[in-house]
Amino acid sequence: MERAWHAATSEETLDALSTSHEGLSSDEAGDRRDRYGPNTIGEGDVISPVWIFLHQFSSPLIYILIGAFGVTIAIGHYADAIVIALVLVINAVIGFVQEYRAENAMAALATLVSPKARVRRAGRVSKIDSAELVPGDVVLLESGDIVPADLRLLNTTELRLNTAILTGESAPVSRATAPVDPETSVVDRQNMAYMGTTVSSGRGVGVVVEIGEDSQIGTIAGQVRATERAPTPLQTRMHRFGNRISVAVLGLAVVLIAIGLWQAIPLADVFLLAVATAVSAIPEGLPVVMTVALAVSVRRMAGRNAIIRRLPAVETLGSCSVIVSDKTGTITENRMAVQRLWTADGVVDVGAAEDPDGAFHQRDGPVSIESGSPVYDTLLAATLANEATIDERDDGSFEPVGDPTETALLVVGRKAGLDQDELLEDAPQIGHLPFESDHRYTASAHLVEGAPVTYVKGAPERVVTMCETIETVDGPEPIEEHDVLAHADDLAGDGLRVIGMARGDGDLTSGEPEGLTFLGFAGIIDPPREGVPEAIDACYRAGIDVKMVTGDHAATAKAVSEQVGIASERVLTGDEVAALSDAELTDRLRTTAVFARIAPAQKHRIVTLLQADDEIVAVTGDGVNDAPALKAAHIGAAMGITGTDVAKEASEMILTDDNFATIYAAVEEGRTVFSNIRKATTFLLATGVALVLAILAAFGLAVGGVIPRDGAGLFPLLLVPAQALWLNVVNNGIQDVALGFEPGEREQFERPPYRPDAGILSRQLLERTIVVGIWLAVLALAVFWYEFTLGMTLGYAQTAALTTMVVSMALFLGTCRSESRSVFEKSPFSNPLLVGGTIAALAVHGIAIHAGPTQLLLGVEPIALDTWTRILVITPTVLVVAELHKHWRSD
């Protein structure tokens, strides 16, 4: 159980750790090093590439092919064995390439530990390797340092930390030393400095309370190690699909062998029949077309600012039912901007932050900021009492440098024509009191027309209490503190961070200012990204729920959610989440979409509970705190610009523009790829159904004497295993690849996500597969029977049947381009590879039946013109059958 170091005083902490402000002695530090171990984070296990390759042979379908390979070797059909072996190797290589990615999340975590630390031991300061730190060491921090361990701060001087890797919020936070409530969440523990965070400004001294695996970063590392990636819906569906086909194929093979032995059919014939049937039923080309379809979508998504690290993640997006998104940097721009100003003269709305000339609006229209007005003086105070700067560029643009809140005030002042450098030339600074968390304001004294004037900027309640008057258009008037602070509350209720400005005569930086004139408030917000409201609306129309998780305050979270259109009954805070049981939180998750002040473990908990509730979850994040949730989710999406290496390594997808709208674009591609895989599966499975039925029917007719035995007295097979593989892998593999390039159809994006338990094929597509498969079998069997009974060789009849299947599938390919639309509604020019793939398939098959090596390997022969004529006359009926079924099922 984690000890609440943040709830103890500095002295209580030192006593508990048996140390002092002077630090540990060298001997004691050595003893503790032996007791506690190094201040490092383990990198976890690395999976062997050999194991990954062998894992590719663990599928039930692969087991059947391996068995078929063994049988064909045993009965002397070496050509069939060679083709089967090639298919096994090709599939294994494809799977290995997909899966082999080093899991570097733990290594990335380890890099966050500072290599060096300044430590005070026995009163002397020295620099040591951070791995040598032990609990009780006293560490010194200064600007630019990476915090080397979890520290309880003992004293601070204007210390501000960037805690983005733990909280997700980029704005630096002030640190103090006073104890806080034991129940305070990690993000609000102002007297703690956690490993991996960085010092933005100031100095501090802290005592090490936790190291290595026991630190907050170490705890996250443990969660990452313990978290297993959720299987993607595609992997689940394909596993289920493969198991069902395997059971059916094995059952059929056993029945065939039993019947053959009962009928006293030669054992070699029986085994060859079983192998041919098994090979025909397995859609060996499906792994190839899946890889191609996924790779095509990966390329398309890269063009839409989403980089995919694991191919199956593409399809997962198409099944996504919930997106759990960070607020800062994903839904918002991660850039503070002044949105509203309040003075005694009323409210002024500020134009777009990215427009330096953006207009100011008051009441019913634009308003100019006149010198001497309350708004002008408010902006003047905000510009002068400011520690940020503006970096002017040669091209006329500018870059604010400094704290985001400070730079936001400089930018809005610039819009009103207030240039900081010019103002300082006319009113040079003569005194300065920097911001500190204890007094919560900053003051800057300037010489204005020969007289000292002090400008104050800070927390509203702090600034207002210093004031006796308030500036109005008619001059200063007595201030009503309660009324003025009520306006600050109104701004905060809209999710704005409120800063108050005031002015006083004289240099008031030597003590606490008083007797000031209040000028006005600035309301600051991190504005929503362009396109995010539209993307969220599109998610809702597509049946995808959006949940926003942030470390920010509830009021800010609520305001941002309303601006972007996230629907939620209420905002649930981290403290409230902690108080709920899993069952209670699961129930709240169904109606709550906005979560504020959320700790890393709570985000992970939200994700896992959504998954347990049968949701397919996508998660966005950028900090180390997000890594467990990113890895646990069905798909983790890390930020490419602001994201840490840890978050990226734990994710399947990286958003190069950090934009929520990119996630929805990826969802569209995910739905397209699953639709294309469905189309390819329909195409290939129809071939399998046709081959199995035709082979069994031909064997049955041969047993019944309808089809004669061949010249050697053997029962004729409609196709041998090598020919079935040729059709499934090489020939159809050329055509079905074209389906992976099909563009998406609008109706795909306006329906609910595919259910996790839904099969690869819908009932409608399964019906079409069976209907078309039966008709293909009839055509192939008819051609085989006709040619063989005419006295042609078995090889010739098999080649004619195989060619019938090739031409028929080329025609059927066109109807597979859409589940519901007619082939005549789809322009071939929208997918030129379709035409190219069809021509290539026919050409490759034509070459194969005329080339000596493939004739020997496949057992095929050239066919005559009259046979080609019969094939070309009957095969278009496949198109008619498929279109009639599509029309019938669409009614």
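Couple of notes before you dig in:
- Mean separation of Cα contacts under 8 Å (6+ apart) over length of segment 337-525, as relative contact order %: 24 percent
- Which of LEU424, GLY523, PHE398, positive extreme of dipole for segment 337-525 (C-beta unit charges): GLY523
- Ranked by the mean number of other Cβ atoms within 10 Å per residue, highest first, peptides 123-130, 33-40, 336-343 order as 336-343, 33-40, 123-130.
- Three-way shape label, segment 337-525, alpha-carbon gyration tensor, a/c 1.5: rounded
- Spatial separation of Cα centroids for segment 482-559 and segment 564-615, in angstrom: 24 Å
- When each of the peptides 720-726, 421-427, 133-139 is scored by how many other beta carbons lie within 10 Å of its residues on average, the order from highest to lowest is 720-726, 133-139, 421-427.
- In plain terms, the bigger the Kirkwood radius, the slower the diffusion; for segment 525-633, with that radius from Cα pairs, at 37 °C and 0.692 mPa s, Stokes-Einstein puts D at 231 µm²/s.
- Shown for LEU609, LEU856: other C-beta atoms within 10 Å of each C-beta, ranked fewest to most, produce the order LEU856, LEU609.
- When TRP5, TRP888 are arranged by Cβ crowding within 10 Å, least crowded first, meaning fewest neighbours, the order is TRP888, TRP5.
- Working note: Cα atoms of segment 736-891, range along each principal axis, descending, whole Å: 56, 30, 28.
- Centroid-to-centroid separation of segment 859-875 and segment 652-702 [C-alpha atoms, Å]: 30 Å
- Charge dipole of segment 337-525 about the Cα centre (unit charges at C-beta), most positive-ward option of GLY504, GLN339, SER444: GLN339
- Residues HIS845, HIS21, HIS6 arranged by fewest to most Cβ contacts within 10 Å: HIS21, HIS6, HIS845
- For segment 337-525, size of Cβ-based charge dipole, Lys and Arg +1, Asp and Glu -1, in debye: 300 debye
- Span from the segment 752-792 Cα centroid across to the segment 385-428 one, whole angstrom: 71 Å
Every number in this text was worked out from the coordinates using simple rules, so none of it is lab data. Please read these numbers as outputs of a predicted model, since none were measured by experiment. Cβ atoms come from the backbone with ideal geometry, glycine included; neighbour counts cover every protein chain shown.
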